[in-house]
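Some notes on the structure that comes next.
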Amino acid sequence: KLADNYITGLSNLTGFQDLKHLDLSNNELKSLNGVQNFQKITRLSASFNWLERFPEEIQQLKHLKSLDLTRNRLTVVPYWLTKLHALESINLSENNLSPISIQNAHLNLLPNLKSLNVAYQNVNPEGL
């Protein structure tokens, strides 16, 4: 658990190739560059950070079952997320996601998805 540490990057985080759960909540991360080195992760939390773009590194985490990116600054849900077939739970609440972005991601194509939270989006209705 690396939560609440004012971490701004993951470049020095090495030697944990067998890591299953990674909690990066409540830091100052603007990217998750380096998380792709942990191929065995099944649960990743990077909530309460400063992510503005959906971290592309996540698409390499084929065993990921739970993803929590609550309260960041995300504006788009990428379609490639549907390629992470192990995902069971996604929490994207309290971001800046438009309903159109959520719909266009086609998350309904994830075969094992049991929980999806996209509540409390800070979207300006005039921008839709």
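Listing for the model above:
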item: Test result for Leu109, touching a helix residue (DSSP H, G or I) at 6+ places or on another chain (Cβ under 7 Å) and either surrounded by 18 or more Cβ atoms within 10 Å (Cβ to Cβ) or touching a residue at least 12 places away in the same chain (Cβ under 8 Å) (or both); result: yes
item: Residue among Ser101, Ser66 that is in contact with an Asp or Glu (Cβ under 7 Å, 6 or more places away or on another chain) and in contact (Cβ under 8 Å) with a residue 24 or more places away in the chain; result: Ser66
item: Residue check, Asn122 farther than 18 Å from Leu19 by Cβ, of a type outside the set (A, V, I, L, M) and touching a Lys or Arg at 6+ places or on another chain (Cβ under 8 Å); result: no
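Yes/no per residue for (1) of a type in the set (A, V, I, L, M, F, W, C); (2) surrounded by fewer than 19 Cβ atoms within 10 Å (Cβ to Cβ); (3) over 10 Å from the mean Cα position of the chain (by Cα); (4) modelled with pLDDT under 95:
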| residue | (1), (2), (3), (4) |
| --- | --- |
| Asn37 | no, yes, yes, yes |
| Thr42 | no, yes, yes, no |
| Ser47 | no, no, no, no |
| His63 | no, yes, yes, no |
| Leu67 | yes, no, no, no |
| Leu74 | yes, no, no, no |
| His85 | no, yes, yes, no |
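The values are calculated or read from the model by the stated rules, or taken from the named source; none is laboratory data. Quantities reported herein were computed from a predicted structural model and do not represent experimental measurements. Positions of Cβ are generated from backbone atoms using ideal geometry, with glycine treated the same way; all protein chains shown enter the neighbour counts.
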